[in-house]
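S.K.: Sharing a structure, written as structure tokens. Questions coming.
The values are calculated or read from the model by the stated rules, or taken from the named source; none is laboratory data. Note that the coordinates shown come from a computational prediction; the quantities given were computed from them, not determined experimentally. Don't worry about glycine lacking a Cβ; one is built from the backbone with ideal geometry, like all the others, and counts go over all protein chains shown.
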């Protein structure tokens, strides 16, 4: 999967070889198709991996790129899920409309809460993000008539995708819908990260005061990043709700926020590919370890997290980088850095 | 002619400590003014006040005769007052070119643009390399800043400010931390700054100050003690006493 960092080299390459520019998206699509062929009996899990990967991408943008310390990303994800559910129940069964409204919902919550929170930094900011997510969780719990409370929002129908493909019990439509959305979101977020907007976000992460001294409006920039992150998280929540046909309180829960942080730390926070890699690794371990021992699977995740933090500070993508560098050396090509 | 940048009776205090006391100074166009004074004299505070990082308790700051004391930092930068930092504040994980690009994007108001545009990138690319060329940093363009030698980091710090195409440049100890022998490159970089740019240089290195400045302001305990030409300041008895030591030798790093 491609690095996000060297934009000039990639821009130069894109003119002559457009597929090189789209390398990450092509790899992602092929991997998704391969998984479909290899694990047809696990389509539900694969679909979840795709939707949660989008959720992780939203955090990778917000935390990994812009350095906004948040433990409340589930607020935006859960909002997207409920909005998609409400759209299906009260407005239209069209999945694309529900998806877009879910994204808008997540973005709106991010904009409103971010406007209040983003003047704070560090621990204060972390606490505020947790507080906002808890507030939404309590609100959803209280408004049973709207959210179904503990039982969640269920029983909504999703119409065939583009009026053609039905969301049936086989899950094929759901999977390709989620995979297609993932590839598209990855493409959009990657371009955002490589743009002037993304470069400025990375600069703000490293020294907000310096950006201010260059005439930058740090608060507005962070608010824009957080809002876009909210849209992406909302899309992820909506997709999850539509493909699993349920939106529940767990999607707003603190453990959901914390889980997605673990995923991007596992995969690598500085790269978008790390978000997808971390999600797939986390959910695979969860799947396997919880089958072996449903109570202690967190032990495996915890050990792995400690290992990654100590041995691979760049995350699992760092492992791929090293493997690639090693392969280059073996191939005899001179790779200087 | 109205000076480029002017302050009137600027005062600031941290708690009960008066760090800036009735500072009135002016920088004409093309000024080569040095601000010297012992540690703790309030030199960096003055830079913070001028650049808008902090608001003064009282007094006025004018740019081209227009009061800017109420303007926030970003607006002052946009009106042409740009500073550097005593301790390099660079984006350590980014390349030198990307560091400068962050500045260029701010100046072109393009930092919010979220989609690649070949026309804009070409312009930004040219400006980045033009700025790097002014400081001889082109060979380092693709190096990650955090891995550069200190001298090059100091040059990159100046590059960020120059990329803003300032009218008034506040250089806060550009030579700080540079090993002896590497200071020459900083000096020649500063000497080759555009002639019409107004520069206020804060520096401890007296050789650098006397080579560079046509006007020197001595700040002691937050107040202007003496100002004048280098000869006048060097001849001043008070300055000799407080700043240069009793014998009147140029001290490299008076503390």
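S.K.: Suppose we filter the stretch B:174-191 for residues that are over 25 Å from residue B:46 (Cα atoms) and touching a residue at least 12 places away in the same chain (Cβ under 8 Å); how many remain?
M.R.: Of the residues in that region, 3 qualify.
S.K.: I'd like to verify a number: residues in the stretch B:126-151 that are without any contact (Cβ under 8 Å) to a residue 24 or more places away in the chain and within 12 Å of chain A (Cβ to nearest Cβ), how many?
M.R.: Residues that pass the stated criteria total 1.
S.K.: Kindly list the number of the only condition in (1) in contact with a helix residue (DSSP H, G or I) (Cβ under 6 Å, 6 or more places away or on another chain); (2) over 20 Å from residue B:181 (Cα atoms) that fails for residue B:156.
M.R.: Just one mismatch for residue B:156, condition (2).
S.K.: Can you confirm whether the stretch A:319-330 contains a residue that is under 19 Å from the mean Cα position of the chain (by Cα) and either modelled with pLDDT of 90 or more or surrounded by fewer than 23 Cβ atoms within 10 Å (Cβ to Cβ) (or both)? If you could, list the steps in order and put the result at the bottom.
M.R.: Keep residues of the stretch A:319-330 that are under 19 Å from the mean Cα position of the chain (by Cα), which gives none.
The answer is no; no qualifying residue exists.
S.K.: Moving on to the next point. In the stretch B:115-124, which residues are surrounded by fewer than 16 Cβ atoms within 10 Å (Cβ to Cβ) and either farther than 19 Å from residue A:190 by Cβ or at the interface with chain A (Cβ under 7 Å from one of its Cβ atoms) (or both)?
M.R.: Across the stretch B:115-124, the qualifying residues are B:115, B:119, B:122, B:123.
S.K.: While we're here: Kindly list the number of the only condition in (1) buried (at least 19 other Cβ atoms within 10 Å of the Cβ); (2) in contact with a helix residue (DSSP H, G or I) (Cβ under 7 Å, 6 or more places away or on another chain) that fails for residue B:134.
M.R.: (1)
S.K.: Follow-up question, since we're still on this one. Quick one: which helices (runs of 4 or more DSSP H) lie wholly within the stretch A:95-209 and hold at least 1 residues that are more than 18 Å from residue A:224 (Cα to Cα), in contact with a helix residue (DSSP H, G or I) (Cβ under 6 Å, 6 or more places away or on another chain) and within 14 Å of chain B (Cβ to nearest Cβ)? Walk me through it before giving the result.
M.R.: Working: elements: A:95-117, A:122-142, A:144-147, A:172-194, A:196-206.
By residue number, A:172-194.
S.K.: Can you tell me which of B:171, B:160 is assigned by TED's automatic domain parsing to the domain that holds residue B:195, part of a strand (DSSP E or B), within 23 Å of residue B:191 (Cα to Cα) and in contact (Cβ under 8 Å) with a residue 60 or more places away in the chain? Before you say what the answer is, go through the steps one by one.
M.R.: Details: B:160 fails: part of a strand (DSSP E or B).
Of B:171, B:160, the one residue that is assigned by TED's automatic domain parsing to the domain that holds residue B:195, part of a strand (DSSP E or B), within 23 Å of residue B:191 (Cα to Cα) and in contact (Cβ under 8 Å) with a residue 60 or more places away in the chain is B:171.
S.K.: Shifting gears a bit: Given the options B:26, B:13, name the one that is within 29 Å of residue B:194 (Cβ to Cβ) and either free of Cβ contacts under 8 Å to residues at least 60 places away in the same chain or assigned to a strand (DSSP E or B) (or both). So that I can check it myself, show each step before the final result.
M.R.: Working: B:13 fails: within 29 Å of residue B:194 (Cβ to Cβ).
Result of the check over B:26, B:13: B:26.
S.K.: Among the residues in the stretch B:86-96, are any within 13 Å of chain A (Cβ to nearest Cβ), touching a strand residue (DSSP E or B) at 6+ places or on another chain (Cβ under 8 Å), surrounded by fewer than 23 Cβ atoms within 10 Å (Cβ to Cβ) and under 23 Å from residue B:4 (Cβ atoms)?
M.R.: yes
S.K.: Also, I was wondering about something else. Residues that are modelled with pLDDT under 95, at negative phi, within 14 Å of chain A (Cβ to nearest Cβ) and not in a helix (DSSP H, G or I): does the stretch B:43-53 have at least one?
M.R.: Scanning the stretch B:43-53 turns up at least one residue that is modelled with pLDDT under 95, at negative phi, within 14 Å of chain A (Cβ to nearest Cβ) and not in a helix (DSSP H, G or I).
S.K.: Taking residue B:107 and the conditions (1) in contact (Cβ under 8 Å) with a residue 40 or more places away in the chain; (2) more than 19 Å from the chain's Cα centre (by Cα); (3) surrounded by 19 or more Cβ atoms within 10 Å (Cβ to Cβ), which numbered condition does it fall short on, given that it satisfies the others?
M.R.: (2)
S.K.: Okay, moving on. Among (1) at pLDDT 95 or above; (2) more than 14 Å from chain A (Cβ to nearest Cβ), which single condition is residue B:103 missing?
M.R.: Status for residue B:103: all satisfied but (2).
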